[in-house]
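Structure, as structure tokens:
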């Protein structure tokens, strides 16, 4: 696709980000998943992401087509992993990755993961950690294709999640 860019989200992006997340919540439900079926994420979560400067969007031309939140060393639940992380160094963690329903199947999730790698390296951080529900085969497959390794499970809001890490060696 031409003219793609990855940037920090701005307050004006909130309505389209929330629409993308609502679509993803609906897709997860239609797939029979329990992920994101408990009122999370919601607009307040996105507002907080934007105000903390950790909300990012993928744009094609001028259209926001994807979303994720990026944090550095900021996931307390990861300290309680049932399993072992590959590294014990600084890490970027991403949450709430979603693509607009009009752009599914175009490889944009992969492009966001590549942007996350570039972001991590730009911050001199050489590990990416993430998690997903056990019943999210699309994300599990993407992790595998992108070189993430399964490390164990973590818990969010009482639910077990598969935890992954990708070390980035320069």
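The values are calculated or read from the model by the stated rules, or taken from the named source; none is laboratory data. All of these numbers come straight from a predicted model, not from anything done at the bench. Cβ sites come from the backbone with ideal geometry, for glycine too, and all protein chains shown count toward neighbours.
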| request: Determine whether segment 47-66 contains at least one residue that is without any contact (Cβ under 8 Å) to a residue 40 or more places away in the chain, closer than 29 Å to residue 124 by Cβ, under 15 Å from the mean Cα position of the chain (by Cα) and not in a loop (DSSP other than H, G, I, E, B). | output: no
>> Given the criteria surrounded by 14 or more Cβ atoms within 10 Å (Cβ to Cβ) and part of a strand (DSSP E or B), does residue 153 qualify?
In response: yes
| query | Out of curiosity, is residue 142 in contact with a helix residue (DSSP H, G or I) (Cβ under 6 Å, 6 or more places away or on another chain), within 20 Å of residue 65 (Cα to Cα) and either in a loop (DSSP other than H, G, I, E, B) or in contact (Cβ under 8 Å) with a residue 24 or more places away in the chain (or both)? | reply | yes
Counting only residues in segment 1-18 that are touching a residue at least 60 places away in the same chain (Cβ under 8 Å) and surrounded by fewer than 16 Cβ atoms within 10 Å (Cβ to Cβ), the one nearest to residue 49 (Cα to Cα) is identified as 4
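Would you please name the residue that is farthest from the chain's Cα centre (by Cα), looking only at residues in segment 92-102 that are without any contact (Cβ under 8 Å) to a residue 60 or more places away in the chain and in a strand (DSSP E or B)? Let's see the steps before the verdict.
Residues of segment 92-102 without any contact (Cβ under 8 Å) to a residue 60 or more places away in the chain: 92-95, 97, 102.
Okay, now just the ones that are also in a strand (DSSP E or B), so 92-95, 97.
Values: 92: 11, 93: 8, 94: 4, 95: 4, 97: 3 Å.
The selected residue is 92.
State whether one or more residues within segment 103-116 are part of a helix (DSSP H, G or I) and farther than 29 Å from residue 152 by Cβ. Reasoning before the result, please.
Start the filter on segment 103-116 by keeping residues that are part of a helix (DSSP H, G or I), which leaves 103, 108-116.
This time we only want the ones that are farther than 29 Å from residue 152 by Cβ, so: 103.
Yes, the conditions are met somewhere in segment 103-116.
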| said: Quick check on segment 75-91. Is at least one of its residues assigned to a helix (DSSP H, G or I), buried (at least 16 other Cβ atoms within 10 Å of the Cβ) and touching a residue at least 12 places away in the same chain (Cβ under 8 Å)? | reply: yes
Reported set for segment 19-46 where residues are under 19 Å from residue 156 (Cβ atoms), free of Cβ contacts under 8 Å to residues at least 24 places away in the same chain and assigned to a helix (DSSP H, G or I) is 25, 29, 44
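Answer yes or no: is there a residue in segment 115-125 that is at pLDDT below 95 and farther than 17 Å from residue 151 by Cβ.
no
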